[in-house]
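Trainee: Before I ask anything, here is the structure I am working with.
The values are calculated or read from the model by the stated rules, or taken from the named source; none is laboratory data. Given the structure is predicted, the values throughout are model-derived calculations rather than measurements. Here Cβ is always computed from backbone atoms with ideal geometry, including for glycine, and neighbour counts include all displayed protein chains.
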Amino acid sequence: MNTTTANKRLVIVDGRNVNEVTRILNGDLGTAGIQSATRKAARIIELSVDPIGGPPAESSDGLLYGLIQSGKTSILTVAAAMAADNGFQCILVLTTDNDPLYDQTLERVRVALRGMSVLGKRDWRDPNRFARQVRTAPFAVVCSKNGSMLQGLLDAFKQARAKGLSVLIIDDEADQASLNTNTSRGGQISRINRVITDFRNYFPTNTYLQVTATPQALFLQRPDHSYRPSFTVITEPGKGYVGGEAFFGEDRNKLLRTVDLAKVNQLRATNQPFPSGTVPRGLRRALYTFFVGAASRVIDRPTEGFAFLCHVSMATRDHTYIVGLLDSFKEEVINGFANKTSSSYSELIKGLRDAYTDLSSTEPQLRSFEKIVDQIEFYIQGANIKLVNASSNDEIKLDSVFNLFAGGNKLGRGVTIKNLLVSYYGRNPRTPNADTVLQHARMYGYRQKDLGVTRLFLPQRLADHFESIHQMETALRDLLQQYPDGCFEGLYMSSQWQPTRRNVLDPTSLGFYLAGQSYNPSYPVRDASSKKATDWLDKELKSIGDKEPYQTVSIDRVIELVSRCEADANLGPVQFWNLQAIKSALDILKNLRDENKKPRYVRAYLVVRRDRNLTQPRRETQGIIDSAEYALAPVDSPTLFLYRQNPTSKGEPAVWWPQLRFPVGNYVLAFSFDW
């Protein structure tokens, strides 16, 4: 039996439950994928509480952070199995209150944990039967994040007197509904957040593991907040994963096809008193592309189905209207094939031919056009057009060769759409939240084998949005590689975005470093305790004359110098000149990459001046230099102005007073502080 040592205890990594789940997952993940999932799961258990050691001195909470549709659920199930093998008596999985996603998660957990009883949301209604289950550990429970459902489960645990259980709580999509949605108002705690907190408090021996691909809301909680993860395990996608780099990286033009935003708006019946009932040109192109791509694939994979996604609105009226348009388009295609001498047939063939030519540019092994058209004609009658929203009962299943899904939020967060070839996306919020929009990226996933016939149709404005989100996501993952314990202070954001919805954030704890803006201590520490730092800076800077415009240095050098420049907290609140936050902000800039994966900021600038006589506290954004001195260094990289102040008549010693200017650009750095 293999084990690994953590916190002076042994973690079993190949127990019976783990062996079973990895055997089941092996077909999907392969040997390398299984090894990676096992390593990540082992790290989670290493950082969790000792399930047989009694209640821990401190709470245990962490984050499993992965890319959209990159296999987080696989690691989640391996971690659950490993938790059972290591003594956790109950694995509690909390998932979104979304029926397709809940059913998908419950099915996956049951398939993976076949050596354990896995209870669904109807299995704790009978208190006596549930109490018997509690006595036959280990077992798992999958519960949707619905206030009544959660409270009912907690009451069932209490009635069964299950307080002594050791529990691994896995909160899937933890940033969505689990946080207090009344945080910004400082009012009553929202119900779901309150009940999840009650779960964590009820079981003295528990680890709370948050799982998400969009942790912005979690990392912008206060540093000491119980819902901000204290450790992070980053998942890496396996072989065949297609993510933001494929769609929005250097070669983005291969798979992206832009459409007119005005035409996308024609699909919103809520905007039109009298909808035209016509299929916009861009949507037609997308549908033709899907039919050609799916028909080419079904020739080699005759038992499989393929998917098309149309996601342009939250409004159910719009979804119904789009389904009607898709029905009409299907009928039009069928009628075109039925009358091969008609103009509609000629238009149909032209549309398919154009799509074929386009796909041939990325899929050189595409089957013959004639064979593909024959497949489309045969399978079009059976095309399934499904409405997937809060008012429908349609399932996200591929029960035809051509499966066309139209809907809203139910087609977003967490739901996997197998064999998705073509997406038509048009959600265009006035004030976009980065985490919400990223969760709409259903085109991400293990799609390498179909990449040649994959396309994303969307307006250029939204393509630009997704590109900036991809850059933000890359910056966050790079940061977490440096700080896997989660102890960092900032998120890189494009300035056109909000990182997350505001209602889950405490506005009194948030701060922002703006592109092109300067920050300085209100007043430096200036007493006997500062002499050591002043002497060190004197020595380090002695070779730089006062007349030189600027020195080119590394960002690491700026971090080193800034770390010696403490603010005097006795003369006013220290907000922006928080050395940990500044260091983290500079780390973020240092790790940013451009579209060619090269460092965006390869240098920093240092301006040194002496013989200054500032003696009064200032605002942290007021600056300590003359306006003309801003031009002493370029604005394309971070600049540190270090000005040495002379001793004062009040007996204060000489000191170096810094001002840090962030480079110009289209970004902000968002932070959560304990002010």
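Trainee: Being modelled with pLDDT of 80 or more, surrounded by fewer than 20 Cβ atoms within 10 Å (Cβ to Cβ) and assigned to a helix (DSSP H, G or I), is that true of even one residue in the range 437-448?
Mentor: Yes; the residues of the range 437-448 include at least one that is modelled with pLDDT of 80 or more, surrounded by fewer than 20 Cβ atoms within 10 Å (Cβ to Cβ) and assigned to a helix (DSSP H, G or I).
Trainee: From the list Phe369, Phe405, Phe378, which residue is of a type outside the set (A, V, I, L, M), in contact (Cβ under 8 Å) with a residue 24 or more places away in the chain, assigned by TED's automatic domain parsing to the domain that holds Ala295 and surrounded by 13 or more Cβ atoms within 10 Å (Cβ to Cβ)?
Mentor: Phe405
Trainee: Give me a count of the residues in the range 653-675 that are in a loop (DSSP other than H, G, I, E, B) and either modelled with pLDDT under 95 or closer than 30 Å to Pro215 by Cα (or both).
Mentor: Qualifying residue count for the region: 8.
Trainee: Same structure, new question: Take the range 630-651 and flag every residue that is over 24 Å from Trp536 (Cβ atoms) and assigned to a helix (DSSP H, G or I).
Mentor: Across the range 630-651, the qualifying residues are Tyr630, Ala631.
Trainee: Would you be able to tell me the number of residues in the range 285-332 that are surrounded by fewer than 16 Cβ atoms within 10 Å (Cβ to Cβ) and touching a Ser or Thr at 6+ places or on another chain (Cβ under 7 Å)?
Mentor: 3
Trainee: Any residue at all in the range 604-619 that's under 30 Å from Ala528 (Cβ atoms), touching a residue at least 12 places away in the same chain (Cβ under 8 Å) and in a helix (DSSP H, G or I)?
Mentor: The answer is no, given that none of the residues of the range 604-619 is under 30 Å from Ala528 (Cβ atoms), touching a residue at least 12 places away in the same chain (Cβ under 8 Å) and in a helix (DSSP H, G or I).
Trainee: Looking at Lys72, Lys121 in this structure, which one is basic (Lys, Arg), surrounded by 18 or more Cβ atoms within 10 Å (Cβ to Cβ) and over 21 Å from Tyr227 (Cα atoms)?
Mentor: Lys121
Trainee: Looking only at the range 242-261, which residues are assigned to a helix (DSSP H, G or I) and in contact with an Asp or Glu (Cβ under 8 Å, 6 or more places away or on another chain)?
Mentor: Gly244, Phe248, Arg252
Trainee: Please work out if Gly516 is part of a loop (DSSP other than H, G, I, E, B) and either modelled with pLDDT under 95 or outside the structural domain of Leu660 (by TED's automatic domain parsing) (or both).
Mentor: Considered against the rule, which asks whether it is part of a loop (DSSP other than H, G, I, E, B) and either modelled with pLDDT under 95 or outside the structural domain of Leu660 (by TED's automatic domain parsing) (or both), Gly516 comes out as yes.
Trainee: Right, next: Just to be sure before I move on: is Gly282 surrounded by 21 or more Cβ atoms within 10 Å (Cβ to Cβ) and either touching a Ser or Thr at 6+ places or on another chain (Cβ under 9 Å) or touching a residue at least 24 places away in the same chain (Cβ under 8 Å) (or both) in the structure I sent?
Mentor: yes
Trainee: Is it the case, given these coordinates, that Asn419 is in contact (Cβ under 8 Å) with a residue 40 or more places away in the chain and at positive phi?
Mentor: When the stated conditions are applied, Asn419 passes them.
Trainee: Right, here's the next one. Restricted to the range 88-114, and to residues that are modelled with pLDDT under 90 and in a loop (DSSP other than H, G, I, E, B), which residue is surrounded by the fewest Cβ atoms within 10 Å (Cβ to Cβ)?
Mentor: Once the filter is applied, the top-ranked residue is Asp97.
Trainee: Same structure again: May I ask you to verify whether Ile417 is in a helix (DSSP H, G or I), in contact with a strand residue (DSSP E or B) (Cβ under 8 Å, 6 or more places away or on another chain) and not small (Gly, Ala, Ser)?
Mentor: Judged against the criteria, Ile417 is not a match.
Trainee: Quick one: is Ile385 assigned to a strand (DSSP E or B), over 17 Å from the mean Cα position of the chain (by Cα), surrounded by fewer than 22 Cβ atoms within 10 Å (Cβ to Cβ) and at pLDDT 90 or above?
Mentor: In short, yes.
Trainee: Ok, one more. With the checklist (1) modelled with pLDDT under 95; (2) touching a Phe, Trp or Tyr at 6+ places or on another chain (Cβ under 8 Å); (3) surrounded by 13 or more Cβ atoms within 10 Å (Cβ to Cβ); (4) farther than 16 Å from Ala654 by Cβ in hand, flag the one item Asp568 doesn't pass.
Mentor: Unmet for Asp568, out of (1) modelled with pLDDT under 95; (2) touching a Phe, Trp or Tyr at 6+ places or on another chain (Cβ under 8 Å); (3) surrounded by 13 or more Cβ atoms within 10 Å (Cβ to Cβ); (4) farther than 16 Å from Ala654 by Cβ: (4).
Trainee: Still on this model: Do you know which of the residues in the range 556-586 that are in a loop (DSSP other than H, G, I, E, B) and among the hydrophobic types (A, V, I, L, M, F, W, C) is nearest to Phe641 (Cα to Cα)?
Mentor: Only one residue fits best here, namely Cys565.
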